[in-house]
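**Student:** The following block contains the structure, expressed as structure tokens.
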Amino acid sequence: MTAKVELKTERLLLRPFKSEDLDDVYAYTRDPEWERYIGPPLPLPYTRPDAEEYVARCLLADWTEDATFAIVLESTVIGSISLRFSDERQRAELGYALARAHWEMGLMTEAATAVIDYGFVSHNLAKIHASADVRNVGSYRVMEKVGMVREGVLRSHRRGRGERIDSVLYGILRHEWEEQRQ
């Protein structure tokens, strides 16, 4: 089993979730604008029991499969970011969510950069990829800022909120990451 770790950036602490994080998680997930692009299986409306279940899953998660970090700013959890490993741990999917009050401040780019570095350094990954609702420009701008390359669009790829949704795909390969770090 992979040990859970903490990562520090200039402004953030990325750490495993704690049970005490429940109120913070529930506070930011209740915002209708936050949940706008979050697809299934996230229930709507997102209730306190849903937040309890999410925090409990994070507490019990096996980090060899899913390393999920709480994003902490000034002692408050403002989001989450994760790496879900696949392909015998050669590839991982980056996923993230951030409280709306903290959008457009560069915080998610800062967190994603740290988690991508962690993935390539600590897990010797060959590739990290991510996807987003094609309408969620803010999300894929983060992917671009951390050096991911747009790989394509999957048309009508998933169902969300009663409609078919296109997903935009991004990825970064180990050699691309290494070149950026030089």
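**Student:** Name the single residue that is surrounded by the most Cβ atoms within 10 Å (Cβ to Cβ) among those in the stretch 51-76 being without any contact (Cβ under 8 Å) to a residue 60 or more places away in the chain and assigned to a strand (DSSP E or B).
**Tutor:** Of all residues in the stretch 51-76, those without any contact (Cβ under 8 Å) to a residue 60 or more places away in the chain come to 51-61, 65-66, 68, 70-71, 74-76.
When the remaining residues are screened for being assigned to a strand (DSSP E or B), the result is 66, 68, 70-71, 76.
Values: ASP66: 17, THR68: 21, ALA70: 23, ILE71: 26, THR76: 15.
Looking at residues that are without any contact (Cβ under 8 Å) to a residue 60 or more places away in the chain and assigned to a strand (DSSP E or B), I get ILE71.
**Student:** Evaluate the stretch 152-159: report whether one residue or more is in contact (Cβ under 8 Å) with a residue 40 or more places away in the chain, over 27 Å from TRP63 (Cβ atoms) and more than 18 Å from the chain's Cα centre (by Cα). Before you say what the answer is, go through the steps one by one.
**Tutor:** At the first step, the residues of the stretch 152-159 found to be in contact (Cβ under 8 Å) with a residue 40 or more places away in the chain are 158-159.
Remaining after also requiring over 27 Å from TRP63 (Cβ atoms): 159.
Of the ones still in play, those that are also more than 18 Å from the chain's Cα centre (by Cα) are 159.
Within the stretch 152-159, one or more residues are in contact (Cβ under 8 Å) with a residue 40 or more places away in the chain, over 27 Å from TRP63 (Cβ atoms) and more than 18 Å from the chain's Cα centre (by Cα).
**Student:** What are the residues in the stretch 1-35 that are within 23 Å of ARG159 (Cα to Cα) and either surrounded by 14 or more Cβ atoms within 10 Å (Cβ to Cβ) or in contact with a Cys (Cβ under 6 Å, 6 or more places away or on another chain) (or both), if any? If you could, list the steps in order and put the result at the bottom.
**Tutor:** Quick first cut of the stretch 1-35, residues within 23 Å of ARG159 (Cα to Cα) only: 29-35.
Matches in the stretch 1-35: THR29, ARG30, TRP34, GLU35.
**Student:** Among the listed residues GLU110, GLU88, which satisfies the condition of being surrounded by 16 or more Cβ atoms within 10 Å (Cβ to Cβ), out of contact with any helix residue (DSSP H, G or I) (no Cβ under 9 Å at 6 or more places or on another chain) and among the charged types (D, E, K, R)?
**Tutor:** Values: GLU88 fails: surrounded by 16 or more Cβ atoms within 10 Å (Cβ to Cβ).
Exactly one of GLU110, GLU88 is surrounded by 16 or more Cβ atoms within 10 Å (Cβ to Cβ), out of contact with any helix residue (DSSP H, G or I) (no Cβ under 9 Å at 6 or more places or on another chain) and among the charged types (D, E, K, R), namely GLU110.
**Student:** Still on this model: If you take the residues in the stretch 67-93 that are farther than 23 Å from ALA27 by Cα and either small (Gly, Ala, Ser) or within 9 Å of the chain's Cα centre (by Cα) (or both), which one is modelled with the lowest pLDDT? Talk me through it step by step, then tell me what you get.
**Tutor:** So in the stretch 67-93, the residues farther than 23 Å from ALA27 by Cα come out as 83-93.
Checking the rest, the ones that are also either small (Gly, Ala, Ser) or within 9 Å of the chain's Cα centre (by Cα) (or both) come to 83, 86, 92-93.
Values: LEU83: 97, SER86: 92, ALA92: 97, GLU93: 97.
Per the criteria, the residue is SER86.
**Student:** Same structure again: Which ranges mark the strands (runs of 3 or more DSSP E) fully within the stretch 123-182 that have 2 or more residues being among the aliphatic types (A, V, I, L, M) and farther than 18 Å from MET108 by Cα?
**Tutor:** Values: elements: 127-133, 149-160, 163-173.
In the stretch 123-182, the matching strands (runs of 3 or more DSSP E) lie at 149-160, 163-173.
**Student:** Now for a different question. If a residue must be in contact (Cβ under 8 Å) with a residue 12 or more places away in the chain, assigned to a helix (DSSP H, G or I) and within 16 Å of the chain's Cα centre (by Cα), how many such residues does the stretch 1-35 contain?
**Tutor:** The total comes to 4.
**Student:** How many residues does the stretch 101-137 hold that are among the basic types (Lys, Arg) and modelled with pLDDT of 95 or more?
**Tutor:** The first filter runs over the stretch 101-137 and keeps only residues among the basic types (Lys, Arg), leaving 127, 135.
Narrowing further to those that are modelled with pLDDT of 95 or more: 127.
Looking only at that region, the number is 1.
**Student:** Take the stretch 117-146 and flag every residue that is under 12 Å from TYR96 (Cα atoms) and either basic (Lys, Arg) or in contact (Cβ under 8 Å) with a residue 60 or more places away in the chain (or both).
**Tutor:** Matches in the stretch 117-146: ALA132, SER139.
The values are calculated or read from the model by the stated rules, or taken from the named source; none is laboratory data. Values in this document were obtained by computation on a predicted structure and should not be read as measured data. Heads up, the Cβs are rebuilt from the backbone with ideal geometry, glycines too, and the neighbour counts pull from every protein chain shown.
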